[in-house]
Amino acid sequence: MQAIKFCAITLLIFFISNSYAATTNPECLNHLGGAFADVECYNGLSNDLIEENKILINKISSTIPAENPNKNLLKQYAHQQKESKKYCQLSRDSLNAWVTEKPASNPRYFYYDAAYYQCVYDNNKYSNGFLKEILKNTTQ
């Protein structure tokens, strides 16, 4: 009985720890082919960057004095970055004769979704580099 409990607890810990550590391998960028795997690659990497950007924003924010207007500017930047992904719809629709398809739920994707997710990834990647540079500036 104790062995069964031990195995169950061990498996539970294993699955929980793997779900928190699950990230997308950037190696997927070397194997893009215009198919649905591209969507998974870009979307997974974007989600990883979004989480990292939240951490960077918190670190930067902690270096700005409470009443300094730059604290609010950083907050606005974070909000605008979140909002910017809606403009990536232009990338997808431009490939589809400007027809906007209703959003699909995973795992069903539309033909030009890779363009949308690539745009989202590119925006998050740029933001990540920008935030890292700001954080570096605050620690010099």
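The values are calculated or read from the model by the stated rules, or taken from the named source; none is laboratory data. Keep in mind that what you see is a predicted model, and the values were worked out from it rather than measured. In this analysis, Cβ positions are derived from the backbone assuming ideal geometry, glycine residues included, and neighbour counts consider all displayed protein chains.
A few comments on the model shown:
For (1) of a type in the set (A, V, I, L, M, F, W, C); (2) in contact with a strand residue (DSSP E or B) (Cβ under 7 Å, 6 or more places away or on another chain); (3) modelled with pLDDT of 95 or more; (4) closer than 23 Å to Thr24 by Cα, each residue gets a yes or a no:
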site: Cys41; (1), (2), (3), (4): yes, no, no, yes
site: Asn53; (1), (2), (3), (4): no, no, yes, yes
site: Ser62; (1), (2), (3), (4): no, no, yes, no
site: Lys71; (1), (2), (3), (4): no, no, yes, no
site: Leu74; (1), (2), (3), (4): yes, no, yes, no
site: Thr100; (1), (2), (3), (4): no, no, no, no
site: Leu131; (1), (2), (3), (4): yes, no, yes, yes
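- Listed by position, the helices (runs of 4 or more DSSP H) inside segment 65-140 whose residues that are surrounded by 11 or more Cβ atoms within 10 Å (Cβ to Cβ), in contact with a Phe, Trp or Tyr (Cβ under 6 Å, 6 or more places away or on another chain) and free of Cβ contacts under 8 Å to residues at least 24 places away in the same chain number at least 3 form an empty set.
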